[in-house]
Structure formats: structure tokens, C-alpha cells
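This report refers to the structure that appears directly beneath it.
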Amino acid sequence: MTPNDTLLAAGDLLPRFRLPSAGGQTVSLDDLRGRRNLVLCLVGTAEQGTGLPFLEALHGRQADLTAEKARVLVIAVAPEAEARRRFGDKLPTFTVLADEEGTLHRQYGAVLPDGPFRPLVLIADRYTKIYAQYAPAPETPWPTPDDVLEWLAFIGMQCPE
């Protein structure tokens, strides 16, 4: 698979995936579709060391995420054991997935032209339509938990049950 030249954007549908979780199960987008709104956090490799402060702050808002009917997926370019070590104990209510070869990061456009992976946060409804995309970089900050929750509330108003 070749890298995607552009990031996924608002209005796009999340491309399908199937990845091992740090908990030992396999998680696919098809299994998640129609159940909960999704917050996908693609965090790259351990060497990049990205995202943990954002993820810990978001994890601290678990009650709000539950109220917004959201599920957070943390996707690391790492084998299962490393993904579990990096995030599993720190973020016990999030689903941590291992994108060992970086295939999903490439498919979602979370790779820079010169090769390194870049972080990406996508907020999607339960049918996998993307409503918001954040591509943190040195000059572009990570979203705040409030940013994420505001988007989830907006999705809830668009798709009431």
C-alpha cells in the first residue's frame, strides 16, 4: 500500500481496518460501525513520543465521553506488546490498537512526505463519517478534550437517537 498524499478530511468516511488490540482481540471498523461515535488517535511510533499528555487529559474526561456515546481508539505504530506497554496501563478505558507496519497510518494519510509518521486525531459519527480532523505538529497544537467533546456534542445534535 502506498502512502495517501492527503489527510482524511471532514465529510470523508473512515476507511475500513482490522487491527490487533493491546488486549489481544482483533478490532475492525465494521464491528464498531453503528454503535458509538469514534475518536481515533493515530500516535505514530514510540520514538516520536507524541500524544500522551493529550490522551491522558482526554482519558480524564471518560464520564463526558461516555455521556457523548463515544469510544476512543489509540492507534500506535508498534507491535501489540509495545502498544500495551506505552498506553494500555495509562489509558485503561481506551481501546489501544497496534498498527505494527504503519499501514493504517499510511492509509489515513498520517505520514509526512519525507517518511515519518505524523499524529492525527479524527472525530467521526457512529457511521464513520468524519466531522473533525486535527493534525498536530510543532506549529499546530493537539486539540483539547473540550474541543473533542464539543465535536461529539455537535455530532449528537446531528444524529439524535
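Counting only helices (runs of 4 or more DSSP H) that fall entirely inside the stretch 61-161 and contain at least 1 residues that are aliphatic (A, V, I, L, M), out of contact with any Lys or Arg (no Cβ under 6 Å at 6 or more places or on another chain) and free of Cβ contacts under 8 Å to residues at least 60 places away in the same chain, the qualifying elements are 62-67, 80-83, 145-158.
Here Arg84 meets the list (1) modelled with pLDDT under 95; (2) in contact with an Asp or Glu (Cβ under 9 Å, 6 or more places away or on another chain); (3) of a type in the set (Lys, Arg) almost entirely, failing just condition (2). The set of residues in the stretch 1-33 being in a strand (DSSP E or B) and either modelled with pLDDT under 90 or out of contact with any helix residue (DSSP H, G or I) (no Cβ under 9 Å at 6 or more places or on another chain) (or both) consists of Leu13, Thr26, Val27, Ser28. Restricting the stretch 70-86 to residues that are farther than 18 Å from Gln133 by Cβ and either within 14 Å of the chain's Cα centre (by Cα) or small (Gly, Ala, Ser) (or both), which is surrounded by the fewest Cβ atoms within 10 Å (Cβ to Cβ)? Only one residue fits best here, namely Ala81.
The condition of being among the acidic types (Asp, Glu), modelled with pLDDT of 90 or more, surrounded by fewer than 18 Cβ atoms within 10 Å (Cβ to Cβ) and farther than 20 Å from Arg35 by Cα holds for only one of Asp99, Asp146, Asp114, Asp89, that being Asp146. Applying a threshold of 9 Å to beta carbon distances and a minimum spacing of six or more residues, or different chains, the list of pairs starting in the stretch 21-41 at a residue that is touching a residue at least 60 places away in the same chain (Cβ under 8 Å) and surrounded by fewer than 16 Cβ atoms within 10 Å (Cβ to Cβ) and ending at one that is acidic (Asp, Glu) and in a helix (DSSP H, G or I) reads Gly23/Glu80. Against the conditions (1) part of a helix (DSSP H, G or I); (2) more than 15 Å from the chain's Cα centre (by Cα); (3) of a type outside the set (Lys, Arg); (4) surrounded by fewer than 14 Cβ atoms within 10 Å (Cβ to Cβ), Glu56 satisfies every one except (2).
The values are calculated or read from the model by the stated rules, or taken from the named source; none is laboratory data. Predicted, not measured: the structure shown is a model, and the values here were computed from it. With ideal geometry, Cβ positions are generated from the backbone for all residues, glycine too; neighbour counts draw on all protein chains shown.
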